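Comments concern the structure below.
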Amino acid sequence: MESGGKVYRDYSLEALCSRLEVPSKTLVVYHRNPDADCIGSALGLALLLWEMGSPVCISGSDPVPDHLKFLAQGQPFRPMEEAFEAFVPDRVVSVDVASPEQLGREVSDRVEIQLMIDHHGRGTRFADGYVDPHAAAVSEIVFDMGKIWMEHQKLARFPRGAADALYAGIAGDTGGFRFSNTTAQTYIRAAELVGMGVDSSEICRRLFASKSKAQLRAEHCGYANMRYLCGEKATLTLISLQDRERLGLREEDLGTVIDVIREIEGVELAGVIRQVGKETFRVSLRSARCVDVAAICSRFGGGGHARAAGCTLTLPNCEEAWAAMEACFTQALEACGESSGQ
Ligand SMILES: [Mn+2]
């Protein structure tokens, strides 16, 4: 089922809270190649549920990446096989996952998800859920749930670990409060979290100002391979398996390449193609003002937000991957009249 950029709610937020506040062994799962919102919202939700008496466990197809380990240390994250066998959950909740494909086989082959909490405008629905594309981050939704539980006196206090995690998730998905998804409500939530003792500058330093050497090698490679397209209104790059092997790059090292090529003056549309298998290419797209990149990605079975989305292509070689995305770029930029100024 295509959500088509609309809000869908099988529950009001209050009803979702009523359902989840009943203590029950809960597994919270996140998406493949996890980012700060995904880890932050999963951890935030798990700690809130724990505080109300639910045994909790957090897992996903991929482990927590190095740059987010500062959040996960000492918290109930477990590898999927352990999470499901040793823990045996009574309910499984996904956060920040728009389609079953994003869960990864490790998760989707093992568990049935009862509830999805998400904020992607486009995706394929796979469980009962609460999806609000107006939320800048799933961490915002979870923060609101925590506030409801406080108001209803289900929670005596807002656990500090949850506050840190949710702040990191909100900061992550808004690019440090710079992206167009940042709203007045985002700042209000962030202010409340800082009021609870969150060290915002330290979290932002960990998220944005401490790059690994592998990330730098990836950025260098991505920039070297980059092509300008559509009269320099678009940038596209590809990191091949060969590049990855030569430079020792893991999937989690490639996440910042998109920022390098999207932040170039005059660029409306940017894309990174990562070759992950001989004929498998993962694509991340970003747009500045005009192009709906979720619409592009949904053509290939992917999804996301209007300004940030992703998909997976199956094509015989790198040249075909370049050509497929270049064709999409040209068409998308023509459709929005090459984008007007501010
Ligand atoms: Mn998110």
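The values are calculated or read from the model by the stated rules, or taken from the named source; none is laboratory data. Remember, it's a predicted structure, so these values are computed and weren't measured experimentally. Note: ideal-geometry Cβ built from the backbone for every residue, glycine included; neighbour counts use all protein chains shown. Please note that ligands, DNA and RNA were not included when accessible areas were found on the heavy atoms of the full protein model with its side chains. Shrake-Rupley method; radii C 1.70, N 1.55, O 1.52, S 1.80 Å.
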Just to be sure, is R9 open to solvent by 20 Å² or more (accessible area, probe 1.4 Å), away from the ligand (no atom under 16 Å from the Cβ) and not acidic (D, E)?
-> yes
Within region 238-287, the residues that are open to solvent by less than 40 Å² (accessible area, probe 1.4 Å), modelled with pLDDT of 95 or more and polar (S, T, N, Q) are S240, Q275, S284, S287
Taking region 288-302 and keeping only residues that are in contact with a Leu (Cβ under 7 Å, 6 or more places away or on another chain) and open to solvent by 10 Å² or more (accessible area, probe 1.4 Å), one is left with F300
The residue from L20, L45 that alone is closer than 14 Å to G129 by Cβ, assigned to a helix (DSSP H, G or I), at pLDDT 95 or above and within 16 Å of the ligand (Cβ to nearest atom) is L45
Of (1) touching a His at 6+ places or on another chain (Cβ under 8 Å); (2) among the aliphatic types (A, V, I, L, M); (3) open to solvent by 40 Å² or more (accessible area, probe 1.4 Å), L207 fails just (3)
Looking across region 127-139 at residues that are away from the ligand (no atom under 13 Å from the Cβ) and surrounded by fewer than 20 Cβ atoms within 10 Å (Cβ to Cβ), the single one that is nearest to E192 (Cα to Cα) is D128
If we keep only residues of region 100-125 that are charged (D, E, K, R) and part of a strand (DSSP E or B), then the residue farthest from the ligand (Cβ to nearest atom) is R122
Exactly one of C328, C290 is over 17 Å from L238 (Cβ atoms) and among the hydrophobic types (A, V, I, L, M, F, W, C), and that one is C290
Reported set for region 109-154 where residues are among the polar types (S, T, N, Q) and over 14 Å from the mean Cα position of the chain (by Cα) is Q114, T124, Q153
So, first residue at negative phi in region 169-195, second residue of a type in the set (K, R) and surrounded by 15 or more Cβ atoms within 10 Å (Cβ to Cβ), Cβ within less than 7 Å, six or more apart or across chains; the pairs are I170/R189; F179/R307; S180/R307
Picking from I39, I58, the residue that is in a helix (DSSP H, G or I), on the phi < 0 side of the Ramachandran plot, within 16 Å of the ligand (Cβ to nearest atom) and at pLDDT 95 or above would be I39
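For every residue, the table says whether it meets (1) closer than 23 Å to L48 by Cβ; (2) more than 14 Å from the ligand (Cβ to nearest atom); (3) outside any loop (DSSP other than H, G, I, E, B).
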{"residue": "I141", "(1), (2), (3)": "yes, no, yes"}
{"residue": "K147", "(1), (2), (3)": "yes, yes, yes"}
{"residue": "R157", "(1), (2), (3)": "yes, yes, no"}
{"residue": "F179", "(1), (2), (3)": "no, no, no"}
{"residue": "V198", "(1), (2), (3)": "yes, yes, no"}
Residue pairs qualifying under the 7 Å Cβ cut-off, at least six apart or on distinct chains, with the first in region 120-148 being without any contact (Cβ under 8 Å) to a residue 60 or more places away in the chain and the second being among the charged types (D, E, K, R), are A136/D173; E140/R189
If you go through region 69-83 one residue at a time, do you hit one that is in contact (Cβ under 8 Å) with a residue 60 or more places away in the chain and assigned to a helix (DSSP H, G or I)?
yes
By residue number, the members of region 81-97 that are surrounded by 22 or more Cβ atoms within 10 Å (Cβ to Cβ) and either modelled with pLDDT under 90 or more than 23 Å from the chain's Cα centre (by Cα) (or both) are A83
Answer with yes or no whether V28 is under 24 Å from V198 (Cβ atoms), outside any loop (DSSP other than H, G, I, E, B) and within 16 Å of the ligand (Cβ to nearest atom).
-> yes
